[in-house]
Amino acid sequence: MAIDLKGILSPFSALAQGTKPPHTVKYPKEEKETAARYRGFHYNDLDECIGCGTCSTICQNAAIDMIPVEGFETNNGDSGLRPRVDNGRCCWCALCVDICPTGSLNLTSDYVYVTDDPDTFLWTPGVDNAEDGKDKLSWKSADGKSLLEYSRVPMKELDGKERIKSFAEVVIGYNEEEARKEADRCIACGICTDICPVHMHIPEYINAISRGEDEEAVRIIYDNNPLGETCGKVCTRRCETTCAINHKGDPVAIRWLKEYVTSKVENADLIKEILNPEIAEPNGHSVGIIGAGPSGLTAAYYLALKGFDVTIYEAKEHAGGMIMYGIPKYRLPLDSIDKQVDYMKSIGVKINYNTKVGTDITFNELKEKHEAIMIGIGFEIPYEIGVTGEEAEGSIQAVNFLREINGGKHVEIGNKVVVIGGGNVAIDAARVSKRMGAEVTILYRRRVEDMPADWEEIEGAEHEDVIIHPQAIPLEILSDESGKVKSIKYANAEMIPDEKGGRPRPKIIEGDEHTIEITSVIGAIGQEADYSFFPEEIKEQIEISRGRMVVDENQATKLPWLFACGDIANRQADAISAIADGYRAVKGIEKLLLK
Amino acid sequence: MADLSTKYLGLKLKNPIIASSSTLTSNVESIKQLEKAGVSVVVLRSIFEEEITLETNRFIENAVEDGYDEALFDYYDKKVKQDNVENYLKLIRETKEAVNIPVIASINCKSDHEWIYFANKLENAGADALELNMFFLPSWSKRTVEENEALYFDIVNKVLQQVSIPLTLKVSHYFSDLSSTLLQLSKTGIKGLVLFNKFFTPDFDIETEKMTQNYVYSSPQDIALPLRWVSILSSQLKKEENNDCGIVASTGIHDGEGVIKQILAGADAVQIASTLYINGFEQVDKMLFDLNSWMEKKNYSSLDDFKGKLSYQGGDNPDQYERTQFMKNFSDKE
């Protein structure tokens with residue numbers, strides 16, 4: 001048998017192929033270029049993202065969940081969470097991108113991903129493609145496409161010229177159609193709830209308004225805020241500042257929606273009818289509250305609901321504290337406050353008006369009467385302006401001025417008023433003076449952008465022709481022979497940067513002095529608390545730091561039966577924080593007396 | 001016993017030793033001890049505008065560190081100022097109640113409008129007189145020499161318009177034309193000039209290469225500068241008709257000899273502080289004893305008998321006061 005040499009050698013010819021290039025493409029050596037605006041894998045700008053979860057909510061395939069990511073904490077307007085995409089479920093429809101309110105979430109041109117580990121299909125955009133994702137953006141929400149309505153339904157207000165003729169409420173309020181439309185803008189992310197000091201159920205009541213269930217919205221609001229209507233008119237609304245939509249458009253008008261739904265309820269009886277509150281049987285415990293301001297009223301309301309015997313001791317003839325006597329009626333009408341207070345009284349809150357602790361009743365007497373005491377007296381003692389001549393007739397303090405005017409009394413201010421200060425009290429004093437027919441100038445020693453007042457209030461003052469003179473430092477108040485103010489001397493200031501990174505400081509420009517003729521000057525540069533009613537032995541046992549009483553997480557002082565709320569205990573100096581304090585104090589008092 | 005009494009700011013003093021403004025005059029108890037020790041007048045520790053600024057800055061820095069919004073303390077300096085003024089007014093009132101010697105309040109400011117504000121407040125609290133502790137270090141400002149010196153006159157005139165109690169001015173020697181400026185200031189209506197205030201003087205630690213505070217107290221040798229200028233100014237004031245501005249010597253007066261020297265130079269009284277810190281309050285008694293003994297030895301029955309005897313005009317060799325250089329004939333060394 002002949003040997004087939006070819007047959008023997010042929011198999012070995014394959015060895016020659018080993019030296020040639022392969023016919024297959026070795027992954028990922030070559031990549032196809034994608035089409036423009038291709039929808040590939042996600043990329044998330046982690047710093048831009050606020051973790052609102054709207055992407056997760058809209059995803060039709062439940063492909064996105066929200067997870068904690070290292071380096072991001074829950075704080076002002078950021079949930080601390082970031083979206084994670086299950087690429088096994090994602091269909092790359094880009095709805096998540098199109099609705100993203102910050103524009104942080106985008107799709108890239110990357111489309112190839114091979115793995116035998118199903119767990120790695122869970123991809124956290126911006127974390128797992130941190131290095132090159134940003135350079136491959138393809139479908140971007142920044143292209144102007146959005147599923148969101150960025151423009152707010154405007155609020156109608158009285159015209160500037162019209163409003164200074166009276167103390168009529170400036171804000172006219174939404175009608176039903178406007179409220180529904182505005183409520184529809186909410187994406188219910190809940191970021192606002194987080195930052196609200198009270199943690200009001202904002203998306204829930206806005207959704208109720210959107211559905212046309214206004215009474216339900218009222219019930220939701222009263223769940224943890226008995227002064228919802230007040231907040232609807234004057235809240236400092238940190239919720240709106242952090243609103244997710246605020247990143248690319250107007251924030252949802254959370255305050256005005258609250259105002260719409262609460263002010264619709266015309267009287268205390270109707271509030272009671274809607275809420276139909278469940279009032280617990282008396283539990284035999286008695287609580288005294290000093291001050292019928294927002295914190296005192298809040299604590300009293302929820303304590304009364306829980307069966308406590310609650311009495312508020314209020315020095316003045318009306319309840320409300322600074323919201324009654326500090327905020328002008330064109331922002332917060334008296335009947336609105338009365339309505340809310342009347343409802344509280346209807347469920348058992350007792351208020352002893354014209355009863356100043358320390359004068360009409362001693363603190364120790366209160367201690368004898370009640371098992372727990374809560375203090376919410378606010379900051380009512382004004383700082384002196386601190387210039388020569390301020391004791392002259394016609395030199396007055398804004399808090400006193402506003403208290404008199406809001407209490408229905410007359411204060412003679414003449415026709416040329418200078419207000420000194422840059423906070424809300426200064427703006428309020430200026431706008432009230434304007435309504436009394438005066439020409440008004442505000443002297444503020446820093447820049448307008450440094451003014452602590454709400455921008456909306458500053459703008460309101462400007463619309464009413466209040467002159468704001470920034471970088472002006474008062475030097476002296478001059479009087480006539482009868483001791484009545486006649487002019488104020490001030491110097492212009494330059495702003496000096498603070499070496500340590502603080503706010504720039506005003507410094508007088510030597511020789512740049514001016515004088516304004518005046519009939520009154522109103523000081524509005526700050527207030528502090530009056531703790532003079534405390535007996536010495538109590539003062540020794542509590543701690544006061546930076547003018548504020550030191551309290552624990554339930555507003556309790558070092559004396560376990562003594563609670564402090566509002567301006568005297570928090571750093572925010574607004575009504576909503578005082579309400580939050582009052583709400584927390586209820587928990588503290590319950591813990592103390594019902595243990 | 002010689003008559004040690006003197007007049008200053010229109011006040012009759014039992015002796016010429018005044019407790020100068022210092023921490024020793026910042027509380028009633030200490031002031032009572034000083035009165036007991038024998039001082040004839042007490043100048044309260046100055047209320048400093050700068051301290052108010054520093055206190056405010058510290059407060060705000062700490063508050064910000066603790067998480068407060070700085071804007072929450074927008075005008076907090078006014079509150080600090082108000083508290084400081086109230087505490088100072090309380091000190092004046094309580095001191096006036098506690099002691100029988102005159103009480104002089106003292107002010108030190110940077111802003112001219114603040115001098116007037118404080119002066120008004122302090123007068124109303126019952127101070128017997130006001131001392132303006134005034135200095136604008138040349139390193140402080142961009143002002144010209146003229147502007148800087150004009151500031152003294154401007155502030156003094158404004159304060160004089162506001163207050164009716166006697167005003168005295170404590171100044172430094174940092175003037176381009178000291179003699180003339182002091183003379184002009186004496187004519188403004190002030191009732192006293194205090195020569196001179198003692199400054200914080202920085203020193204360096206060459207190991208740590210940091211600035212330190214070293215020369216806190218004056219030394220007896222520091223008497224030379226005020227001695228010279230008290231001598232010169234007192235003689236000039238003597239020539240002035242209707243100028244009732246008194247002179248008080250300050251800095252470097254540590255013992256009876258120092259008191260005697262300054263009165264010989266023409267001072268109406270002296271202010272002391274360092275010696276009280278170094279030697280205790282009993283030093284006042286020793287100084288008065290030494291003064292009295294010297295006067296008895298010299299047969300002087302009152303201070304007026306020798307006041308100004310060695311002033312520029314009264315000295316045998318007035319030229320010596322104006323020499324600023326060592327010259328061969330004044331030196332013992334070749």
Collect the residues in the range B:70-106 that are part of a helix (DSSP H, G or I), more than 10 Å from every other protein chain (Cβ to nearest Cβ), of a type in the set (A, V, I, L, M, F, W, C) and surrounded by 17 or more Cβ atoms within 10 Å (Cβ to Cβ), keeping them in residue-number order. B:Leu89, B:Leu91, B:Ile92
Flag if B:Ser179 is in a loop (DSSP other than H, G, I, E, B), out of contact with any strand residue (DSSP E or B) (no Cβ under 6 Å at 6 or more places or on another chain) and not charged (D, E, K, R): no
Restrict the check to the range B:287-297 and report whether at least one residue is part of a loop (DSSP other than H, G, I, E, B) and modelled with pLDDT of 95 or more. no
Residues that are within 13 Å of chain A (Cβ to nearest Cβ), part of a helix (DSSP H, G or I) and of a type in the set (Gly, Ala, Ser), drawn from the range B:29-69: B:Ala63
The range A:136-161, residues that are among the acidic types (Asp, Glu) and either at pLDDT below 85 or over 13 Å from A:Ile99 (Cβ atoms) (or both): A:Asp143, A:Glu157, A:Asp159
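Rundown of residues vs (1) surrounded by fewer than 23 Cβ atoms within 10 Å (Cβ to Cβ); (2) within 21 Å of A:Lys369 (Cβ to Cβ); (3) of a type in the set (Lys, Arg); (4) without any contact (Cβ under 8 Å) to a residue 12 or more places away in the chain, yes/no style:
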site: A:Glu540; (1), (2), (3), (4): yes, no, no, yes
site: A:Arg546; (1), (2), (3), (4): yes, no, yes, yes
site: A:Glu553; (1), (2), (3), (4): yes, no, no, no
site: A:Trp561; (1), (2), (3), (4): yes, yes, no, no
site: A:Gly566; (1), (2), (3), (4): no, no, no, no
site: A:Ala569; (1), (2), (3), (4): no, no, no, no
site: A:Ala573; (1), (2), (3), (4): yes, no, no, no
site: A:Asp581; (1), (2), (3), (4): no, no, no, no
For the range B:37-67, how many residues meet the condition of being surrounded by fewer than 16 Cβ atoms within 10 Å (Cβ to Cβ) and either over 22 Å from B:Thr95 (Cβ atoms) or without any contact (Cβ under 8 Å) to a residue 12 or more places away in the chain (or both)? 8
Being of a type outside the set (Lys, Arg) and in contact (Cβ under 8 Å) with a residue 60 or more places away in the chain narrows A:Asp498, A:Asp512, A:Asp530 down to just A:Asp530
Odd one out for A:Glu273, checked against (1) free of Cβ contacts under 8 Å to residues at least 40 places away in the same chain; (2) within 22 Å of the chain's Cα centre (by Cα): (2)
I'd like the full set of residues that are exposed (fewer than 15 other Cβ atoms within 10 Å of the Cβ), within 14 Å of another protein chain (Cβ to nearest Cβ), in contact with a Lys or Arg (Cβ under 9 Å, 6 or more places away or on another chain) and part of a strand (DSSP E or B), limited to the range A:497-518. A:Glu510, A:His514, A:Thr515
Take A:Asp428 and decide whether it is more than 14 Å from chain B (Cβ to nearest Cβ), over 24 Å from A:Gly483 (Cα atoms) and surrounded by fewer than 20 Cβ atoms within 10 Å (Cβ to Cβ). no
Could you please let me know if A:Ile538 is more than 20 Å from B:His113 (Cβ to Cβ) and either more than 10 Å from chain B (Cβ to nearest Cβ) or part of a strand (DSSP E or B) (or both)? yes
Options A:Val521, A:Val551: the member that is in contact with a Pro (Cβ under 9 Å, 6 or more places away or on another chain) and outside any helix (DSSP H, G or I): A:Val521
Tally, over the range B:107-162, of residues that are within 14 Å of chain A (Cβ to nearest Cβ), in a loop (DSSP other than H, G, I, E, B), free of Cβ contacts under 8 Å to residues at least 60 places away in the same chain and within 20 Å of the chain's Cα centre (by Cα): 1
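The values are calculated or read from the model by the stated rules, or taken from the named source; none is laboratory data. As the structure is a computational prediction, the values presented were derived from the model and not from experiment. Quick reminder, even Gly has a Cβ in these numbers, built from the backbone with ideal geometry, and neighbours come from all protein chains shown.
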